[in-house]
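Below is one structure, written out as C-alpha cells; comments come after it.
The values are calculated or read from the model by the stated rules, or taken from the named source; none is laboratory data. Because the structure is predicted, anything quoted here is derived from the model rather than measured. Cβ coordinates were reconstructed from backbone atoms using ideal geometry, including for glycine residues, and neighbour counts include every protein chain displayed. Just so you know, the surface numbers come from the protein's heavy atoms only, side chains and all, with ligands and any DNA or RNA stripped out. Shrake-Rupley method; radii C 1.70, N 1.55, O 1.52, S 1.80 Å.
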Amino acid sequence: MYFFLHIFFFTLLILHASPAATTTATTAATGGQGYGDRQVLTLKKLKWTQQQTVASNCFTQRSRTEKNAITLELHNRDYCSGPRSDWNQRLLKNLLSDQIRVHSLQSRIKILLSNGLNQELSQAEIPLVSGAKLQTLNYVATVGLGGRNITLIVDTGSDLTWVQCEPCGACYNQQEPLFNPSQSPSYKPVLCKSTTCDNLAYATGSSGVCGFNSTTCNYYVSYGDGSYTRGDLANDNLALGTTLIKDFVFGCGRANDGLFGGVSGLMGLGRSALSVVSQTYGVFEGVFSYCLPSVSDEGLGSLILGDGTSLYKNFTPFSYTNLISNTMMPTFYFLNLTGISIGGVALQDLGFGKNEMLIDSGTVITRLKPTVYNALKTEFLKQFSGFPKAPAFSILDTCFNLSAYEEVEIPTMKMHFGMDAILKVDVTGIFYFAKADASQVCLAIAGLSDEEEIGIIGNYQQKNTRVVYNTKASTLGFAKETCSLD
C-alpha cells in the first residue's frame, strides 16, 4: 500500500504574476550561438501583499482514500505564516541559510570519512538548517501522532523525527499546541542502553545518553547555526492517513531553539534505522517519491509513501539510476553523476563518473565541484549572451538584469547519471530571482569551495519532476511531471 500527500511548496517568489515588460529576447536577437536545445522562460514580476493572513485550516489534516492511497492536503508554511516581510531581504537570507546547511552536510561527511562509523560522532553537525530557519524552500506534512495531528518539515537529509513536547523548558513558538505525552495512552519512553537508543549515533551524529537519575534514553541534535533539539527518545503511534504505524520511534523535544517556521518538528526520510522510511518498511517496502512544484504562493505537490505508480502523473518515461552504497555514509542518498549538458552541449570534466553526488530535498541550490561549475558557467554564458549583467547575489555569481524582457530563451540543462538516467532541470529551476522585478536574476547553481567536497543536487533543480526512491532495489528514478495539481 502507499501513502499519498499533497504538499504545498512554501517559498520565495517568482514566476506567478503578470508579464514584466514588453520585449521578447531570442537567441538570434541577442547574439547567441543558435544552439537548438533551448526553452522559453516567461519573466513575471512578483506581486506580494503584506495583508496575507493565516488560513484557519492551514494546520488541519484532511484525508481521503483515492485509488487505494491515503491523500492528505498540505499547506506551505509561508502561506500559513501570516504577513510577509520584504521579499528581497528574505531571498538573501534564504541563500545564507542554505549555505549553512551545506557547510553542515560537508562537515558531517568529513567527520564520517575521517573517523569511521565506529567512532564517536558527537561533534558532527546535523544538516537541518536550510529553509526551516527562515520559513522558505522546505515542505511540510501533517500526520497523526499519539491521537492528534502535527505538522512536520519533511527532509530526506535527516533521519530522526522529532516534535516539541510538554513540559518544555525552552521551546520556540509553534502554531499548533505542543505535543503532550501524558495525553497519549500509547506513549512509551525508550530505555537507555537499548538497541533503539544505540541507533541514535547513526541517525543524529550523537549517541543516546541516560537521563539524570533516569533510565530514559535522551537525544541531542545540534544544527549548523547553533539551533538544537534535546529531549527524550520515545515510542508512540504514527498515523499516516488511515495507516497506523505502532510504536514509532521519535524524539520528544523538551528544549528546542531555532526558528522552525511555526511547525511542530521534523520528519526524517533518510536511510538509518530510525527514519520514517526504515520504520515503515514493513508497510511501504522502502519506497517513496515526491514531486516538488514550481514556485507559487499556493504551489501544490505530492509525497507518496509506497509504490504509487498508478498515482504518478509523469508525461515522460522514468529513467532509473543506482543509489550508490557508501559504508561510511549509509544514511545519505548518493548518485553517480556521469555528465552535464547545457543546450545539448556535453561538458568535459575528468571527474564525471568518478565521484558521488548527494541528492537532498532540504538543500535549495545545487552545488558542484569548482571545475565542473566553472565549465557549466562558461558554457551557459556562451549560449546565453548579450544580456546586461547584474551584481552577484550571495553564493550566486552569474547574474543578469532581465527587467526589460517579457520572456527569454535559455539553454536547457540536463544532469546525466549511471544507467543513462537523466534529470532535465525544469525551466523554473535554472534561474533564481534575486529581485522581484527581474533586475537581478542569477544562474541557480553554485560552486563548492574545493574539489574534495561532495556535490549536492538541491530541491530547486528537482522541481516539476517525479523523483522515486526505492531503497529495496537501491534505485532512484526521474520523470517529468507537472506537480502543481489543479
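Observations on the model:
- Hz values of 3J(HN,Hα) by residue in region 345-355 - Karplus curve (6.51, -1.76, 1.60), Gly and Pro given as x: 9, 6, 6, 10, 7, 5, x, 4, x, 10, 10
- Net charge dipole size for region 235-384 [Lys, Arg +1 and Asp, Glu -1 on Cβ; Debye, nearest 20]: 380 debye
- Here the Karplus relation 6.51 cos²θ - 1.76 cosθ + 1.60, evaluated at θ = phi - 60°, turns the backbone of region 288-293 into coupling constants of 8, 8, 9, 9, 8, x Hz, with x for every Gly and Pro.
- Gained length - Glu406 relative to Asp37, 0.36 nm times residue gap less alpha-carbon distance: 130.8 nm
- Once the Cα-Cα distance is subtracted from the 0.36 nm per residue extended length, the Gln183 to Leu92 segment shows a gain of 28.6 nm.
- Prolate/oblate/rounded label for region 231-321 (Cα gyration tensor, a/c 1.5): oblate
- Solvent-accessible area assigned to carbon and sulfur over region 150-220 amounts to 54 percent, based on a 1.4 Å probe.
- Between the beta carbons of Tyr281 and Glu452, assuming R0 = 35 Å, the FRET efficiency works out to 0.55 to the nearest 0.05.
- Taking a ≥ b ≥ c as the square roots of the eigenvalues of the Cα gyration tensor, region 407-486 is classed as oblate, since a/c reaches at least 1.5 and a/b does not exceed b/c.
- Global geometry of region 153-225, whether rounded, prolate or oblate, following the gyration tensor of its Cα atoms and the 1.5 cut on a/c: oblate
- Stretched out straight at 0.36 nm per residue, the stretch from Asp247 to Asn374 would grow longer than its current Cα-Cα span by 40.8 nm.
- The phi-based Karplus calculation (6.51 cos²θ - 1.76 cosθ + 1.60; θ = phi - 60°) puts the 3J(HN,Hα) values of region 406-412 at 7, 8, 9, 8, 10, x, 6 Hz, whole numbers, x for Gly and Pro.
- Between amide H atoms placed 1.01 Å from N, distances below 5 Å from Leu323 occur with Thr475, Leu476, all of them 5 or more places distant or on a separate chain.
- Secondary structure note: in region 304-457, about 80% of the DSSP beta bridges are antiparallel.
- Contact order normalised by residue count of region 226-267, Cα under 8 Å, 6+ apart, percent: 44 percent
- Put simply, the amide H of Asp360, placed in the peptide plane, has neighbours under 5 Å in Ile457, leaving out anything fewer than 5 places away on its chain.
- Residues whose amide H falls under 5 Å from that of Thr161, counting only those 5 or more places apart or on a different chain, are Gly251, Gly268, with hydrogens built in the peptide plane.
- Semi-axis lengths, Å, region 340-441, gyration tensor of Cα atoms, sqrt of 5 times eigenvalues: 25, 15, 13
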